[in-house]
Amino acid sequence: MTEIKTQLHTVLDTIKSATNKAQRPHQSVQLLAVSKTWPADDLRKIAEMGQHCFGENYLQEALTKIAALSDLDLEWHFIGPIQSNKTKDIAAHFDWVQSIDRIKIARRLSDQRPLNVDKLNICIQVNIDDEASKSGVNSDEVLNLAEQISQLDNLELRGLMIIPQKTDDVQKQQSSFHKAQALFSQLAALYPSVDTLSMGMSGDMEAAIAQGSTMVRIGTALFGNRHTLTGQ
Ligand SMILES: *Cc1c(COP(=O)(O)O)cnc(C)c1O
C-alpha cells in the first residue's frame, strides 16, 4: 500500500478513537482531505479508497485538479481567502465554501451560482480568538452575517469554520474549541440547515472532536509536509 493510503487509515482510526472517547457516533465526524499543493494523482489514490471530500485553498490549482478528477464523484470545498474576482469560478466549480467572512463575497457567490446545480453550501469563518491579523469574523458578528446569508437564494448556510490561535497551551486550545461549539449550537438552534462545525486540523483533531467538531480538515497527516506553496 502507498504511504498516502496508510496515512488515510491512520487518520480514520484517529477519528474513530476520538469519537469513541467522546461517546459520539463515528459518522458524526467527516474527514475533509486538504489537498492544497498535492497533485491530482495523490488525491486519486485516496479517492479510490472512498475519500469523498477534498478541500482546496488556491483557485487555479484547484480548477486543474477538479478537471483532472472529473471522472470521480467528489465533493469540493473551497477553504482559502477569496477575492471578488474569483467568485465566479468558485460558484461554478465548488460544492462548499467554508471561508466566508464578508456579505459582499456571499452575495456574489449566490448571484453567480449556476441554476442547474444544488445550492452552494456555506460556512462562516470565525476568528474565534479575536486575533488581530486573522481572517474570519469575530464571534459577535456571526449572527448578523448568518442572517444576511440566510436570505440569499442560491446559498445554503451549513455552519462555521474555525481556525484557533496557535498555542501549546491545551487549556487555551480547549477553551477556543468550546467557545466555537457554543456559538455553533446557538446558530443551529436558529437555522435548521446548520449542521456543520468545521474544526480541527492535523495537530488538534482529537481535541476538536472532543469539543463537538463535525468535520476535521486534514492535510499534513494525510499527504505529508507541504514543501512549496503555490500562488493563486
Ligand atoms: C492547510 C489548511 C488545513 C490543513 O492543515 P494541516 O495542519 O496540514 O492538517 C486546514 N484548514 C485550512 C483552512 C487550511 O488552510
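One table, with the values for the structure above:
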| read-out | value |
| --- | --- |
| In order through the stretch 143-150: 3J(HN,Hα) via Karplus (6.51 cos²θ - 1.76 cosθ + 1.60), integer Hz, x for Gly, Pro | 5, 5, 5, 4, 4, 5, 5, 5 |
| Label-point gap, in nm, between Ser84 and Lys104 - each point 7 angstrom along Cα→Cβ | 0.5 nm |
| Relative contact order [Cα under 8 Å, 6+ residues apart], the stretch 2-221, whole percent | 19 percent |
| Cα coordinate range in the stretch 1-56, projected on the principal axes (Å, largest first) | 36, 24, 17 |
| Nonlocal amide H pairs with Val137, under 5 Å, H built at 1.01 Å | Gln125, Val126, Asn127 |
| Sulfur and carbon atoms: percent of accessible area, the stretch 2-221 [1.4 Å] | 46 percent |
| Candidate aspartates and glutamates for bridging to Lys5, where Cα separation is under 14 Å - those fewer than 8 sequence places away on the same chain excluded | Asp13, Asp41, Asp42, Glu48 |
| Ratio Rg/Rh [Cα only; Rh per Kirkwood] for the stretch 76-170 | 0.99 |
| Derived scalar couplings ³J(HN,Hα) [the stretch 157-165; Karplus, 6.51 cos²θ - 1.76 cosθ + 1.60; whole Hz; x for Gly, Pro] | 6, 10, x, 10, 10, 10, 10, x, 5 |
| Cut-off 13 Å between beta-carbons: net charge of the residues surrounding Gln83, Lys and Arg +1, Asp and Glu -1 | +3 |
| Protection proxy ranking of 149-157, 16-24 - average other beta-carbon atoms within 10 Å, highest first | 149-157, 16-24 |
| Tensor-based shape of the stretch 1-108 (alpha-carbon gyration tensor, a/c under 1.5 rounded, otherwise prolate or oblate) | oblate |
| At 0.890 mPa s and 25 °C, Stokes diffusion of the chain via Kirkwood alpha-carbon radius, µm² per second | 137 µm²/s |
| Long-range HN-HN contacts of Ser99 with modeled amide H, under 5 Å | Cys123 |
| The stretch 2-221 - accessible surface per residue (Å², probe 1.4 Å) | 47 Å² |
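The values are calculated or read from the model by the stated rules, or taken from the named source; none is laboratory data. Just so it is clear, the model here is predicted, and its values are computed rather than measured. Positions of Cβ are backbone-derived with ideal geometry, glycine not excepted, and every protein chain shown enters the neighbour counts. The area values use the complete protein model at the heavy-atom level, side chains included, leaving out ligands, DNA and RNA. Shrake-Rupley method; radii C 1.70, N 1.55, O 1.52, S 1.80 Å.
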